[in-house]
1. In which sequence would A:Cys148, A:Cys177, B:Cys168 go, from the one with the fewest C-beta neighbours within 10 Å to the one with the most?
2. Could you tell me what percent of the DSSP beta bridges with both partners in the protein assembly as shown are antiparallel, to the nearest 5?
3. Say the dipole of the range A:2-226 comes from +1 at the beta carbon of Lys and Arg and -1 at that of Asp and Glu; which of A:Asn33, A:Ala61, A:Leu107 then lies farthest toward its positive end?
4. When the scattering of the range A:94-214 is computed by the Debye formula from its Cα atoms alone, each counted once and equally, what is log10 I(q)/I(0) at q = 0.11, 0.20, 0.21 Å⁻¹?
5. When the Cα centres of the range A:194-224 and the range B:1-66 are compared, how far apart do they sit, in Å?
6. Which value in Å does the Kirkwood hydrodynamic radius of the protein assembly as shown take, with 1/r averaged over all unlike C-alpha pairs and then inverted?
7. By its C-alpha gyration tensor, with a ≥ b ≥ c as the square roots of the eigenvalues, how is the range B:1-117 shaped: rounded for a/c under 1.5, else prolate for a/b larger than b/c, else oblate?
8. Taking the beta-carbon count within 10 Å as an exposure proxy, list B:Leu181, A:Leu190, B:Leu133 from fewest neighbours to most.
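Nothing in this text is a laboratory measurement; each read-out follows from the coordinates by a stated rule. Because the structure is predicted, anything quoted here is derived from the model rather than measured. Quick reminder, even Gly has a Cβ in these numbers, built from the backbone with ideal geometry, and neighbours come from all protein chains shown.
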Amino acid sequence: MILDLKKLKLRKINEQLQGIDRKINDRNFTIINPEGNHAVCAGLTEELNVNIKGHVGYYCAGMNQKANITIEGNVGTGVAENMMSGKVHVKGNASQSAGATAHGGLLVIDGDASSRCGISMKGADIVVKGSVGHMSGFMSQAGNLVVCGDAGEALGDSLYETNIYIKGKVKSLGADCVEKKMDKKHLKKLNILLKEANIKNHKAESFKRYGSAKKLYNFKIDNISNY
Amino acid sequence: MCGIVGIYLKTKKFEKNLGKMLSGMLNNMESRGPDSAGFAVYKNSDKKEYKYSLCINNLDFNKFKKDISKKIRNLKLNQYSDHVIVRTPEIPKKFIKFINKELPEVSIVGYGHSIEIFKQVGNPKDVVKKFNLESFSGTHGIGHTRMATESAITTEGSHPYSTGEDECLVHNGSLSNHNNLRRELKKKGNTFTSENDTEVAAGYVSNSLSNNNSLKKTLVSGLKDLDGFYTFIAGTRKGFAVVRDEIACKPAVIAETKNYIAIASEFQAMAHLPDVNDAKIFEPEPGVVYSWGN
């Protein structure tokens, strides 16, 4: 079914996709003329395939559950923010805070993602085929961030248990983020993610793994005089 | 939050449509700034005459015409609602002195050989209509929709700010060291008409340009001297430049085609532009100055 954002109001389209009847079999939708609108496909909760033809604005596919959403264009701030499950595939570039606070699901970005990609993520997997901007993975708590290109300044600042895999150069590491040994289990997970993102030209072995040094987890009594 | 937009034509193809393109961009940025709006349009310049963009406020146009005609020679006037574009060979020093002394209710919005500048409180759609922006042609233009944060909703608090000949600046963000910087710039001879932080940034740019620094070099120094959150578009007779602070909380997106460069806070501002779906679209990187035509 084709949904035209030039003819239908955004709220009408989102309500239709959010309120889909479980018994209906036609679960393939195409949204045309998105024209940079915000919150397109926010809050979907069913197994649907939605193809958005064009560039979208902020918070596209936010809070997604189960749905498989493809954007044939660029996305604004906060694509798939707080995603719980499902898959979001951006064929262009993503603006800042892609996948922010996402708990689950897979976000694939074919182009670059700008600053704060995966900020405070809580369990999702994010695969970026290009590069990411500064402060990516900031305070991220769980999940995996895979970057086939380079990472900007302060990568993984104050992160918790997220694994960050970078193929290219890292401009600088944030506080408490260090390079870590790539174990078999990490290679296995990375291989699965590369496969899910349909990436064939990068081998898991060519990535470096970064994670938390865990020095910020507990208060150090030696620092008491600073407070 | 505010909305900023700009369009620079690389070829002559869309010169007649510049106003139409810019007005669509401003209309689409209403959601980011419903309090006031403004724009500057640059047209091919006539070196022999100056153009003064004036806001006559509540003054009757005919009275204004009568008063100004007594003192200023070779006048041509174009009225757009409460704004008037005055064309005259009279040099800025004399003209500004005359206005300030004889017509204190009139405010000077900007001047130069090429720039025409308009701004007013109200919804962007109404402001754009009031000044008939769609009818404008030109080589490049800059616009702003304001959601007022640090100073009141007034004409003086609206953007663009023009603090030098054919110069203007629009801003999304807020500056934290503008009071200090205003004091320093006043010592260097700059004058200010508002308490607005953006006017200080515009003054900073004008001051640097008057010392023969390029626009690019000026904005690179600005990264060090201007403290706060910002995306700026700074316009001159030849073109414009854009810069975001290094934290880059304030958005910007650029679309480039073979005929134009468009810049806006959000893509939706440029969704109506011709060939935009085939444009190269990218975000300006934090702390990097991008300039065209300068």
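1. Final ranking by Cβ density, sparse to dense: A:Cys148, A:Cys177, B:Cys168.
2. Details: 73 of 112 bridges.
Percent antiparallel among DSSP bridges in the protein assembly as shown is about 65.
3. Checked the options; the winner is A:Leu107.
4. Values, matching the q order: -0.27, -0.99, -1.12.
5. 50
6. About 24.7 Å, per the Kirkwood formula over Cα pairs.
7. Values: a/c = 2.48, a/b = 1.51, b/c = 1.64.
Taking the square roots of the gyration eigenvalues as a ≥ b ≥ c, the range B:1-117 is oblate.
8. B:Leu181, A:Leu190, B:Leu133
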